Structure formats: C-alpha cells, structure tokens
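Colleague: Next up is a structure, given as structure tokens.
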Amino acid sequence: MAGFTGFVLLRVRAHRLLLAAALLTVLLTTAVLATLTAYSGAIGDAALRHSLRDPRNAAGATLVVKADVPPSGRPAADAAIRKRARTAFDGLPVTVRALARSGPYALPRSLQPVADRSGDPDLTYFAALDPAEVRLVSGRLPRGTAKGAATTELEAALPEAAAQRLGLRPGARLTLADRLGGPKA
C-alpha cells in the first residue's frame with residue numbers, strides 16, 4: 001500500500017500544473033453554477049414583482065374568491081380572505097376588494113324586443129361596488145334608503161352600455177322580479 005501511495009504522490013508532483021488547472025476548473029465551474037442559480041432566483045422574483053405591480057397584468061394576477069355568506073358573517077370572511085391572500089402572495093403587495101352581489105332579478109318584459117318576450121327574461125344582479133372604482137357619466141350616485149323605511153324602492157346606477165341598450169336615462173324607474181322568489185325590487 002505504501003508503494004501505491006508513493007507512486008500517486010510522484011505522479012501528482014510531476015503533473016501538479018495539470019492537476020492545479022483541473023482543480024481550478026472545478027472550482028470556477030461550481031462558482032459559476034452557484035452564481036447563475038442565485039441570479040435565476042433573484043431575477044425570477046424581480047420579474048414576478050414587476051409583473052404584479054403593472055396594472056395591465058392585474059387580471060392575470062387576480063385571486064377570485066366566491067362565497068355565499070350571510071351579512072352577519074361577512075366581516076369574519078373578509079378578515080380570513082385578507083389573511084390568506086397575504087399568505088398566498090408571500091410579501092407581495094396585496095389589494096383586496098369585496099363585491100356584494102344580489103341574487104338574479106328579471107328585467108321587465110317591456111324592455112325586451114317584442115319577438116324576444118316569449119322566452120326566459122333577461123337577468124341582472126345588484127352589486128355594491130367601491131365608489132372609487134366607478135366613474136359617473138350622468139345623473140348622480142345612488143343614495144341609501146333610510147334604515148327602517150318601509151319602502152321597497154332601491155336606487156341603483158347602471159353601466160353606460162347597459163343603460164343605452166335598455167334605453168334608460170337618469171331617474172328612470174324599473175320593477176324587477178326576483179328569480180329566486182324574493183320581493184320585487
């Protein structure tokens with residue numbers, strides 16, 4: 001065994017420049033691979049952050065949560081969703097917007113063309129939008145009804161395209177039938 005070790009040491013001493021070059025190549029390759037791995041992770045994270053901050057990519061980075069929650073349970077559900085969204089996006093900026101929506105209501109038959117009045121009625125929903133996300137074109141924003149008021153009238157704003165299609169102007173009144181059997185609105 002001692003003869004073999006001596007032989008190896010003699011060969012190492014004779015080719016030490018070649019051996020040093022091979023060792024240096026292994027060290028440089030390892031350093032380059034480690035650097036590229038770190039760079040890849042950093043650039044991927046930076047690209048993701050940049051992409052999520054760009055408003056044009058908002059739809060692609062949207063987390064939609066749908067739940068049928070009674071009004072009394074909405075604060076707890078909202079808090080749980082906000083917490084989970086922060087966890088899911090792990091430190092990235094998160095904006096949570098809530099959209100409370102009604103059940104389906106049928107539009108009056110008088111708004112449909114005569115030829116279409118025999119089938120199912122057109123349906124619509126009421127939704128409570130964030131006023132900061134709405135741009136008023138004409139009329140005014142809806143006002144809330146007084147608490148305890150015995151009226152079934154509810155003020156609502158329509159998207160401009162829907163108002164034009166239905167031929168409605170600010171101040172128009174409609175009676176909608178709840179498709180789930182609730183009160184008319």
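The values are calculated or read from the model by the stated rules, or taken from the named source; none is laboratory data. Note that the structure is a prediction, hence the values are computed from the model and not measured. Counting neighbours? That spans all protein chains shown, and the Cβs are built from the backbone with ideal geometry, glycine included. SASA here: full protein model, heavy atoms, side chains in, ligands and nucleic acids out. Shrake-Rupley method; radii C 1.70, N 1.55, O 1.52, S 1.80 Å.
Colleague: Could you list all residues from the range 41-62 that are under 9 Å from the mean Cα position of the chain (by Cα) and either at pLDDT 75 or above or part of a helix (DSSP H, G or I) (or both)? Walk me through how you get there before you give the answer.
Modeller: Quick first cut of the range 41-62, residues under 9 Å from the mean Cα position of the chain (by Cα) only: 58-62.
Correct list: Ala59, Gly60, Ala61.
Colleague: Got a sec? Which of Leu107, Leu99, Leu136 is open to solvent by less than 60 Å² (accessible area, probe 1.4 Å) and of a type in the set (A, V, I, L, M)?
Modeller: Numbers: Leu99 fails: open to solvent by less than 60 Å² (accessible area, probe 1.4 Å); Leu136 fails: open to solvent by less than 60 Å² (accessible area, probe 1.4 Å).
On inspection, the qualifying residue turns out to be Leu107.
Colleague: Sticking with this structure for a sec: If we keep just the residues of the range 82-91 that are open to solvent by less than 70 Å² (accessible area, probe 1.4 Å) and part of a loop (DSSP other than H, G, I, E, B), which is nearest to Ser102 (Cα to Cα)?
Modeller: Phe89
Colleague: Continuing with the same structure: Is it true that Asp68 is of a type in the set (Asp, Glu) and open to solvent by 60 Å² or more (accessible area, probe 1.4 Å)? Lay out the reasoning, then the answer.
Modeller: Details: of a type in the set (Asp, Glu): yes; open to solvent by 60 Å² or more (accessible area, probe 1.4 Å): yes.
Taking the combined requirement at face value, the residue satisfies it.
Colleague: Here is a further query. If you check Ala79 against the conditions, is it among the aliphatic types (A, V, I, L, M), modelled with pLDDT of 80 or more and open to solvent by 50 Å² or more (accessible area, probe 1.4 Å)?
Modeller: Here the answer is yes, as Ala79 does meet what is asked.
Colleague: Let me ask another. Using the structure shown, decide if Val12 is part of a loop (DSSP other than H, G, I, E, B) and open to solvent by less than 100 Å² (accessible area, probe 1.4 Å). Please lay out each step first, then the result.
Modeller: Details: part of a loop (DSSP other than H, G, I, E, B): no; open to solvent by less than 100 Å² (accessible area, probe 1.4 Å): yes.
Criteria not met by Val12.
Colleague: Follow-up. Would you please list the contacts, defined by Cβ atoms under 6 Å and residues six or more apart or on different chains, that run from a residue in the range 152-181 that is of a type in the set (D, E, K, R) to a residue that is in a loop (DSSP other than H, G, I, E, B)?
Modeller: Listed pairs, sorted by first residue: Glu155/Pro142; Glu155/Arg143; Glu160/Val137; Arg179/Pro104.
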